[in-house]
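Heads up, the thing below is written out as structure tokens.
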Amino acid sequence: MVQKTTDLLLKKESDWLLSKAAILTAEDEINPDGSASNPWNLCSLQQVEEVKCVIRVIPIWISGIIYYIVITQMQTYLVFQALQSDRRLHHGGDFKIPAASYTVFTMLSLSIWIPIYDRILVPFLRKITKKDEGITILQRIGIGMVLGVITMFVSGLVENRRRNLAFNKPILGFAVRKGAISAMSGNWLIPQLVLTGLSEGFTIIGEVEFFYKEFPENMRSFGGSFLFCGFAMSNYLSSFLISIVHKTTRVGERGNWLDEDLNKGRLDYFYYLVAGLEVVNLVYFVGCAKWYKYKRTEKSGMDLELEKIETQKNVV
């Protein structure tokens, strides 16, 4: 039985190096209960397969970290844009929409899009592609990343318009600790927020499904934590990027691209920079997606036989 397991493991040329950890040699000692005496020298098939799963998804996970920068910017600098925009419901009105409340449009677009995608778009795509999901999970993630690039370009164009109006048309006052309030309506910020929600609906939900399906059943909680670790890493990366922009774009006492007063800075340039970074990340993701093999399609007769062997008590 052990010899049969060894032969099957060595046939998997793509990951034979990891598979060697589960091959019993003359130097290995086995406890009476069938476990390895030294787990650092000999692992079970289950442990080897779990390590393989983690290694296979890491390149996709890294692309997600860079993508999340888009989400981070829409939760921070958009609020600053709203503070220096016309937030009145209508001209002449006194009520102003709170700057942070604009992010609700992202949640609304995401909430509306999810049922439309599941109930309308997926059945339609299923008829075309003959696949149960309509499109593959990685295709879904990729579409969201494309929308993330578009979001950043749209954000840059809107910010450019807001800034130009602040210089060329009468201002509406001054924001506290900021600068002149542009005559541009805050409603111009809605398109980029809607695009952000649609992008999340494709990429983030796609990644949740990806990690859930690609990890073994006993590692699905670990797969879910992968997503939130990506969010945390993205926040650190975003802070690092902002620090670099602060230092490299400062010119004397004139401030930098991300000046506290957006009218003195060039937030639109920063959005274009993030868009360029997302384009590079998209190219990287496409390369990883072409290389990646789904767990369910990668399962061959050999894998199934390994699973049967793994259930035997006398196999490590």
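Some observations on this one:
- Some residue of segment 79-90 being on the phi > 0 side of the Ramachandran plot and outside any helix (DSSP H, G or I): no
- Across segment 181-222, the qualifying residues are those that are part of a helix (DSSP H, G or I) and in contact with an Asp or Glu (Cβ under 7 Å, 6 or more places away or on another chain), and the one among them that is surrounded by the fewest Cβ atoms within 10 Å (Cβ to Cβ) is MET219.
- First in segment 258-283 and free of Cβ contacts under 8 Å to residues at least 40 places away in the same chain, second anywhere and polar (S, T, N, Q), Cβ under 7 Å, 6 or more apart: GLY265/ASN256
- Answer residue from segment 123-138, given it is part of a helix (DSSP H, G or I) and touching a Phe, Trp or Tyr at 6+ places or on another chain (Cβ under 9 Å) and is surrounded by the fewest Cβ atoms within 10 Å (Cβ to Cβ) among those: LEU138
- Checking ARG266, ARG254, ARG250 one by one, the residue that is over 22 Å from the mean Cα position of the chain (by Cα), charged (D, E, K, R) and modelled with pLDDT of 85 or more is ARG266 and no other.
- Here PHE167 meets the list (1) buried (at least 22 other Cβ atoms within 10 Å of the Cβ); (2) over 17 Å from ILE66 (Cα atoms) almost entirely, failing just condition (1).
- Filter result for PHE105 (within 24 Å of TYR272 (Cα to Cα) and assigned to a helix (DSSP H, G or I)): yes
- Criterion: under 27 Å from VAL154 (Cα atoms), over 14 Å from the mean Cα position of the chain (by Cα) and among the small types (Gly, Ala, Ser) - qualifying residue of SER239, SER199: SER239
- GLY223 being in contact (Cβ under 8 Å) with a residue 12 or more places away in the chain, farther than 18 Å from ARG56 by Cα and not hydroxyl-bearing (Ser, Thr, Tyr): no
The values are calculated or read from the model by the stated rules, or taken from the named source; none is laboratory data. Source: prediction; values computed, not measured. In this analysis, Cβ positions are derived from the backbone assuming ideal geometry, glycine residues included, and neighbour counts consider all displayed protein chains.
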